[in-house]
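The structure under discussion appears below in the form of structure tokens.
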């Protein structure tokens, strides 16, 4: 790991409901100790938090280009008195398909009080549509002043929640247990920051809280697993006007395969055998000219399910549809094309138990700020998927982001401020008593 500085960061080496805890799908995380901390009643500095979020929103930083965002976060931290040796960058960006310009930013603060180490995290990258945003405040919302872009509150708002929490602790010298802050990279293109971070580099936290999209009272305790596929079809080219019968169209093969998936209920929302999953063929690149029978087609598809075995059935159905389609398209002399399906697991499904300490703590913090928590299961992937796989049970709370990944995206300041209040409680809690028991220090 490399130390951060104010002027430079490291140089590169290179869809987001509650089920019974008793029925844990593959990838479930077993509950740790039952007792968790009672949050303190510290009030967040909301004016400062607003300054932070407006500052971070204005910085361009798509996936793989998070360095400027990371440097700004480091600058804020150092000016607040964070020791330089508490700030490090890992080498996650050297392991990703897209060789980024910076690794995960990790900040480890020793505790001023005894308690289990806690992790607060968010991801720094935004989707491309948000690059060029000009954040403006409009009433109780922040929007992009550039109508051609989204806002990028997914997930700069999460970064601002985590950063402003740390700044308040540093400025006001608030008592706190050992803390780790993780500002992750490349979430939007594959959850890569969380995938490649090491638990040891984070100090092996016992409770972890991820701040991402939605409202703070929505506490996401599980998410689906996703599998990506690259499908390559080889046809036989021929002149489409002179001798089309001599060719085998890769486009026709792809069309038959997709039609079969739709007709047999294996595309889109899939409900079979009491199980639920989804699949989608999302990209097709094929053909070169209208007068040539297409000799090749490259497709990208995905399969998702909370149930690992059912997801495997979806994958098998996709592969079978393309194999069968190849056999149905022949040239005049009986030749056929070919197909190759390559795939990999993007992230495994997980489900935290309702009595997992981080789940109980998150619910307590939300109740303490006057809101009603609700547990949720996501049908999209989260950084929390890989955090769970890395041995760190992690709940996800929202920060007020609305209509993400679109030019209509906006940030609710009411929800953002509620997230700041919840985060400060979670970061400064040290008692080992269950949340439903009063802490003697606060009687």
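Results, tabulated for the structure shown:
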| quantity | calculated |
| --- | --- |
| Equivalent ellipsoid, region 226-347 (semi-axes from 5 times Cα gyration tensor eigenvalues, Å) | 30, 13, 11 |
| Size of region 116-205 as Cα extents on the principal axes (Å, biggest first) | 45, 34, 15 |
| Cβ crowding within 10 Å averaged over residues, with 386-396, 332-342 ranked highest first | 386-396, 332-342 |
| Sorted peptide list for 357-363, 42-48, 241-247, criterion being average Cβ within 10 angstrom, highest first | 357-363, 42-48, 241-247 |
| At 0.692 mPa s and 37 °C, Stokes D of region 173-234 from Kirkwood alpha-carbon radius, µm² per second | 217 µm²/s |
| Alpha-carbon spread of the chain, three principal axes, descending order, Å | 86, 49, 42 |
| For region 291-375, convex hull volume per residue from C-alpha positions, Å³ | 153 Å³ |
| Centre separation in Å (Cα based) which lies between region 347-387 and region 209-270 | 31 Å |
| Expected-Rg normalisation [2.2 N^0.38 Å, Cα atoms] applied to region 31-159 | 1.21 |
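Throughout, read-outs are computed from the coordinates displayed, never taken from laboratory work. This one's a predicted model, so the numbers in the text were calculated from it and none came from an experiment. Positions of Cβ are backbone-derived with ideal geometry, glycine not excepted, and every protein chain shown enters the neighbour counts.
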